[in-house]
Amino acid sequence: MYTRKNQRNLTRTEKKRLVSAILELKRSGRYDEFVRMHGEYYVPDAEDGPRVAHMTPSFFPWHRRYLLEFERALQAVDSGVSIPYWDWTADDTPASSLWAEDFLGGNGRKGDRQVMTGPFAYGNGNWRLTARVTDGKFLTRNFGRPADPLSLPTKAEVAKALRQPLYDAAPWDSTSTSGFRSEIEGWGAGGSQRWRNHNRVHRWVGGVMVGATSPNDPVFWLHHAFIDLLWTRWQSAHPGSGYLPRKKLPESDPQYGRVFGLDEPMPPWNVPPSALLDHKRFYRYEA
Ligand code: CU1
Ligand code: CU1
């Protein structure tokens, strides 16, 4: 049993050890395998086939398992590290210590958006992107998207999603207009408001965080640890509710074969959502 801490409370030594473990995974090629896996499972609902990771009820359990795999890889390098979480409702500016030179480094520069500071700056020689949807070998960011500004989600927006009594709802995709999963993941029809919560954070960071190979930016893990923490908060707030759909969808359902019920094994690990509902089997979150 280990604890996932709020990144703002990490000591200098803890940040250093986490960064070193990430850089070691990168050096060994393991890191890019994780990036490629994420790209492979980025199946939007406009495409055919099973949809296990995004725009789908198993968004939470799939990413929980994905983070666990990454965390195990980190711990194989240094057993004392875990994935911290980034509460972007509190640390909501580029001035946050998260973006300091001793941790994840800062914003991209003007023009090519290349990150120039910190351990993941291309110029420091340890962070060359190999698994990408588009070309470009260096990490990019574009905080707040100045050309069309957007801000990070607020406590009120997160609280509203946490009040949703239902986990998810038909049609179980990016157009579901109710349910906790849809509201936190952040799709839903209509205008600029549709990039809510989880999605808006990807867009606020910008650069490689937008798109299927977003784990190329290490902040991905800290963002998703917070998303995972929000799932635990929703579970505590709604003990009588739970993962949906409970059963495999019937053949008559348009989403048949595309969405994973509670006990249907999720690729690539063949683990069903039901095996991932209780995070306390694996780790705890620091309050
Ligand atoms: Cu993802
Ligand atoms: Cu994400």
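Name, by its number, the condition in (1) part of a helix (DSSP H, G or I); (2) within 19 Å of the chain's Cα centre (by Cα) that does not hold for THR3.
The single condition THR3 does not satisfy is (1).
Within the range 48-85, which residues are among the aliphatic types (A, V, I, L, M) and touching a Lys or Arg at 6+ places or on another chain (Cβ under 8 Å)?
Keep residues of the range 48-85 that are among the aliphatic types (A, V, I, L, M), which gives 52-53, 55, 67-68, 73-74, 76-77, 81, 83.
Scanning the range 48-85 gives ALA73, VAL81, ILE83.
Do you know which of the residues in the range 67-104 that are aromatic (Phe, Trp, Tyr), within 30 Å of TRP172 (Cβ to Cβ) and not in a loop (DSSP other than H, G, I, E, B) is nearest to the chain's Cα centre (by Cα)?
Filtering the range 67-104 down to residues aromatic (Phe, Trp, Tyr) leaves 70, 85-86, 88, 99, 103.
Still in the running and within 30 Å of TRP172 (Cβ to Cβ): 70, 85-86, 88.
Still in the running and not in a loop (DSSP other than H, G, I, E, B): 70, 85.
Numbers: PHE70: 12, TYR85: 10 Å.
So the residue we want is TYR85.
Would you confirm whether or not the range 22-33 contains a residue that is surrounded by fewer than 18 Cβ atoms within 10 Å (Cβ to Cβ) and either basic (Lys, Arg) or within 16 Å of ligand 2 (Cβ to nearest atom) (or both)?
First pass over the range 22-33, keeping only residues surrounded by fewer than 18 Cβ atoms within 10 Å (Cβ to Cβ): 24, 27-30, 33.
With either basic (Lys, Arg) or within 16 Å of ligand 2 (Cβ to nearest atom) (or both) added as a condition, the list becomes 27, 30.
Among the residues of the range 22-33, at least one is surrounded by fewer than 18 Cβ atoms within 10 Å (Cβ to Cβ) and either basic (Lys, Arg) or within 16 Å of ligand 2 (Cβ to nearest atom) (or both), which makes the answer yes.
Please tell me if ARG200 is touching a Pro at 6+ places or on another chain (Cβ under 6 Å) and among the basic types (Lys, Arg). Spell out how you get there, then give the answer.
Numbers: touching a Pro at 6+ places or on another chain (Cβ under 6 Å): yes; among the basic types (Lys, Arg): yes.
So ARG200 fits the description; yes.
Out of ARG17, ARG64, which single residue is within 30 Å of GLY179 (Cβ to Cβ), in a helix (DSSP H, G or I) and among the basic types (Lys, Arg)?
Working: ARG17 fails: within 30 Å of GLY179 (Cβ to Cβ).
Matching residue, one of ARG17, ARG64: ARG64.
Out of the range 25-41, which residues are within 19 Å of ALA225 (Cβ to Cβ) and either free of Cβ contacts under 8 Å to residues at least 12 places away in the same chain or aromatic (Phe, Trp, Tyr) (or both)?
Correct list: TYR31, PHE34, TYR41.
Within the set of pairs 6+ apart or on separate chains, which have a first residue in the range 9-24 that is small (Gly, Ala, Ser), a second that is in a helix (DSSP H, G or I), and C-beta atoms under 7 Å apart?
Close Cβ pairs satisfying both conditions: ALA21/LEU74; ALA21/VAL77.
Is there any pair with a first residue in the range 266-287 that is farther than 21 Å from ASN6 by Cβ and a second that is basic (Lys, Arg) whose Cβ atoms are under 7 Å apart and which are 6 or more apart or on different chains, and what are they?
Going by the 7 Å Cβ cut-off, the qualifying pairs are TRP269/ARG65; VAL271/ARG65; LEU276/ARG64; LEU276/ARG65.
Can you run down the residue pairs with Cβ atoms below 7 Å, 6 or more apart or on separate chains, where the first is in the range 54-76 and in contact (Cβ under 8 Å) with a residue 24 or more places away in the chain and under 10 Å from PHE260 (Cβ atoms) and the partner is away from ligand 1 (no atom under 14 Å from the Cβ) and of a type in the set (A, V, I, L, M, F, W, C)?
Correct list of pairs: THR56/TRP172; THR56/VAL259; PRO57/TRP172; PRO57/LEU244; PRO57/VAL259; PRO57/PHE260; SER58/PHE260; PRO61/LEU276.
Of everything in the range 211-244, what is within 13 Å of ligand 1 (Cβ to nearest atom) and of a type in the set (D, E, K, R)? Give them in sequence order.
Correct list: ASP217, ASP228.
Exactly one condition in (1) at pLDDT below 95; (2) under 30 Å from ARG27 (Cα atoms); (3) surrounded by 18 or more Cβ atoms within 10 Å (Cβ to Cβ) is false for GLY211; which is it?
(3)
Are any residues in the range 197-210 more than 10 Å from ligand 1 (Cβ to nearest atom) and out of contact with any strand residue (DSSP E or B) (no Cβ under 8 Å at 6 or more places or on another chain), and if so, which ones? Steps first, answer last, please.
First, pick out the residues of the range 197-210 that are more than 10 Å from ligand 1 (Cβ to nearest atom): 197, 199-201, 203-210.
Matches in the range 197-210: ASN197, ASN199, ARG200, VAL201, ARG203, TRP204, VAL205, MET209, VAL210.
In the range 124-140, which residues are touching a residue at least 12 places away in the same chain (Cβ under 8 Å) and under 23 Å from ALA95 (Cα atoms)?
Listed by number, the residues that qualify are TRP127, PHE138, LEU139, THR140.
Which of the residues spanning the range 256-287 are hydrophobic (A, V, I, L, M, F, W, C) and farther than 13 Å from PRO61 by Cβ? It would help to see each step written out before you state the result.
Filtering the range 256-287 for residues hydrophobic (A, V, I, L, M, F, W, C) gives 259-260, 262, 266, 269, 271, 275-277, 282, 287.
Matches in the range 256-287: ALA287 only.
Just a yes or no: is a residue in the range 251-269 closer than 29 Å to GLU286 by Cβ, touching an Asp or Glu at 6+ places or on another chain (Cβ under 9 Å) and within 16 Å of ligand 1 (Cβ to nearest atom)?
Within the range 251-269, one or more residues are closer than 29 Å to GLU286 by Cβ, touching an Asp or Glu at 6+ places or on another chain (Cβ under 9 Å) and within 16 Å of ligand 1 (Cβ to nearest atom).
How about the range 141-159: which of its residues are without any contact (Cβ under 8 Å) to a residue 60 or more places away in the chain and exposed (fewer than 14 other Cβ atoms within 10 Å of the Cβ)?
PRO146, ALA147, ASP148, PRO149, SER151, ALA156, ALA159
So which helices (runs of 4 or more DSSP H) stay within the range 114-227 end to end and still have 3 or more residues that are away from ligand 2 (no atom under 16 Å from the Cβ)?
On the way: elements: 155-162, 180-185, 197-205.
Counting at least 3 such residues, we get 155-162.
The values are calculated or read from the model by the stated rules, or taken from the named source; none is laboratory data. Keep in mind that this is a model prediction, so the values were computed, not measured. Please note: Cβ atoms are built from the backbone with ideal geometry, for glycine as well, and neighbour counts cover all protein chains shown.
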